[in-house]
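These notes are about the structure you will find just below.
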Amino acid sequence: MENRSQNFELDNLDIQILSILMEDATIPYTEIAKKLIVSGGTIHVRMKKMQDMEIISGSHLIINPQKIGYDICAFLGIYLEKGSQYKDAVESLRKIKEVVELHYTTGSYSMFAKIICRDTNHLRQVLNEDIQGVKGIQRTETLISLEESIKRQITLE
């Protein structure tokens with residue numbers, strides 16, 4: 001099958017479907033269909049088409065880390081010794097469960113990571129024992145988040 005996602009344009013119905021699901025991914029297609037005054041089959045076909053085009057993939061359960069004892073959110077600027085070590089460093093960092101996001105960046109850092117830890121002792125352990133032990137990482141800079149003020153998805157308007 002040819003991948004044409006870069007040529008696919010969302011129409012108003014697609015945007016409405018995605019907007020509803022972005023608010024609550026558990027809503028049944030039949031309920032979306034009722035809201036949008038179309039058939040359930042139409043919703044199903046549109047969703048399948050957007051999945052095939054890789055516009056969407058899966059759905060996720062969002063857990064509040066603080067409610068389960070993870071009180072520290074930190075951002076980590078990572079300096080690599082050499083850019084050629086990037087792929088190996090990514091594979092090593094992927095094995096550290098506290099690393100929840102990792103970006104290859106321009107600017108001062110080679111990579112920028114988001115990590116979630118239980119407390120400052122856990123953070124120290126992850127930084128000193130796990131992350132600093134990754135081959136190719138020269139040094140890191142840590143920023144601790146005091147509050148997440150905005151968290152949202154892109155708007156589809």
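Express the carbon and sulfur contribution to the solvent-accessible surface of the chain as a percent, rounded to the nearest whole number, probe 1.4 angstrom.
49 percent
Going down the list 49/151; 97/151; 114/151, which pairs span over 23 Å between their C-alpha atoms?
Flagged as over cut-off: 49/151.
Taking only Cα atoms, what is the 0 to 90° angle, nearest 10, from helix 12-23's long axis to the longest principal axis of the chain?
The two axes meet at around 50 degrees.
Want the number for residue 114 to residue 26: 0.36 nm per residue separation, take away the alpha-carbon distance, what's left?
29.0 nm
Could you list log10 I(q)/I(0) for segment 32-94 at q = 0.26 Å⁻¹, which the Debye formula gives when each Cα is one point scatterer?
Values returned for q = 0.26 Å⁻¹ are -1.07.
Diagonalise the Cα gyration tensor of the chain and give the resulting equivalent ellipsoid semi-axes, square root of 5 times each eigenvalue, largest first, whole Å.
Taking √(5λ) for each eigenvalue gives 38, 20, 13 Å, largest first.
What is the chain's relative contact order, in percent, from Cα pairs under 8 angstrom and six or more apart in sequence?
25 percent
Please work out how much length the chain gains when fully extended from residue 100 to residue 44, using 0.36 nm per residue of separation minus the C-alpha to C-alpha distance, in nm with one decimal.
Computed gain between residue 100 and residue 44 is 17.0 nm.
How big is Rg to Rh over segment 66-134, alpha-carbon atoms, Rh as the Kirkwood inverse-mean-distance radius?
0.98
What is the calculated FRET efficiency for residue 152 to residue 67, with r their C-beta to C-beta distance and R₀ = 22 Å, to the nearest 0.05?
0.65
Could you pull out every one of the lysines with an alpha carbon less than 16 Å from that of residue 82, ignoring same-chain neighbours closer than 8 positions?
By straight Cα distance, residue 82 reaches 135.
Could you state the number of Å between the C-alpha centres of segment 90-150 and segment 54-75?
Cα centroid to Cα centroid, the span is 16 Å.
The values are calculated or read from the model by the stated rules, or taken from the named source; none is laboratory data. Here the structure is a predicted model, which is why all the values come from computation and not from measurement. Every residue, glycine among them, receives a Cβ derived from its backbone with ideal geometry; neighbour counts consider all protein chains shown. Only protein heavy atoms, including side chains, enter the accessible area calculation; ligands, DNA and RNA are left aside. Shrake-Rupley method; radii C 1.70, N 1.55, O 1.52, S 1.80 Å.
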